[in-house]
Amino acid sequence: MIGHLDSAQEFRLFLALAIPDGVKGAIQDAQAALRGVLPEKAARWTRCEQFHLTVRFLGNVPASQLDELVAELRRADAPFSPLNIKAARIGFFPDARFPRVAWVGVNDLQGQLSALWNAVQSATQPFTKEAAEPEFSGHVTLARVNRLRREDAEKLAKCAARFENTVFGEWTADQVELMRSELLPEGARHTVLATLPLLGREVP
């Protein structure tokens, strides 16, 4: 059970893998380098404490469904063993010429992240109105970029290229976190509502 909640409430939710503080610090250093080549208000930069790997964005989910959602996620996640994760290189969506999102790539060494993503997509579909992503793209969002002049986009791409062979860190992820995101005037606030262990075995 997740506390005593007003069943009429809705929560803006997403599922994520946490990132260790040391890896966050290395990513923040790279973010600072990118930030240094752009005009002051050219992008909205993710705060270091909010770096994470999104597995699935659910949007608004009624509080009355949270216990059922958590139960389904526990069953979906439990068969997966802990993942060996690596964060490396910087990229852009849709591309470096027209960057709208700057990111650090995240992958696991066994190739299980996409399978976990598929399991989570299936388990959460009855609880969300958000369309399923067509494919998994593991990344940590560094910034959401405003429309740039060509010369600024070129500076950003050149800076990112310096990190082409950089590994920001490796770690073991042994759980998925169900997160609540509250949109406040000072920015988003993220709270962990439930942890979903990767046990390497099925649970009833």
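Please give the charge dipole size of the chain, origin at the Cα centre, charges +1 on K and R Cβ atoms and -1 on D and E Cβ atoms. Round to the nearest 20 debye. Write out the running numbers ahead of the final one.
Working: 24 positive and 25 negative charges, 178 e Å.
Taking the Cα centre of the chain as origin, the dipole is about 860 debye.
Please give the charge dipole size of segment 95-196, origin at the Cα centre, charges +1 on K and R Cβ atoms and -1 on D and E Cβ atoms. Round to the nearest 20 debye.
It comes to approximately 540 debye.
Just need log10 I(q)/I(0) for the chain at q = 0.13 Å⁻¹, Debye formula, equal scatterers on the alpha-carbon atoms, no solvent, rounded to two decimals.
-0.76
What does the charge count near Thr195 come to, summing +1 for each Lys or Arg and -1 for each Asp or Glu among other residues with Cβ under 14 Å from its Cβ?
-1
If I model a spin label as a point 7 Å beyond the Cα along the Cα-Cβ vector, how far apart are those points for Ala71 and Gln112 in nm?
With each label point 7 Å from Cα toward Cβ, the separation is 2.6 nm.
Just to confirm a number: summing +1 for Lys and Arg and -1 for Asp and Glu over residues other than Glu151 whose beta-carbon lies under 14 angstrom from that of Glu151, what do you get?
Numbers: positive: Arg97, Arg147, Arg149, Arg150, Lys155, Lys158; negative: Asp152, Glu154.
Result for the neighbourhood of Glu151: +4.
Greater than 29 Å separation of Cα atoms is the criterion. Which listed pairs, Lys41/Lys158; Lys86/Lys155; Lys86/Lys129, meet it?
Pairs exceeding the cut-off: Lys86/Lys129.
With only alpha-carbon atoms counted, please give the Rg and Dmax of segment 88-204, in Å.
17.2, 57
Before rounding to the nearest 500, sum -39500 (n - 2.57) across all DSSP H runs of length at least 4 in the chain and divide by the residue total; then give [θ] at 222 nm in deg cm²/dmol. Could the numbers behind the result be given before it?
Numbers: 4 runs with 52 residues, N = 204.
Rounded to the nearest 500, it is -8000 deg cm²/dmol.
Coordinate-derived values only; no laboratory data. Fair warning: this is a prediction, and the values are worked out from it, not measured in the lab. Ideal geometry is used to build each Cβ from the backbone, glycine not excepted, and the neighbour counts take in all protein chains shown.
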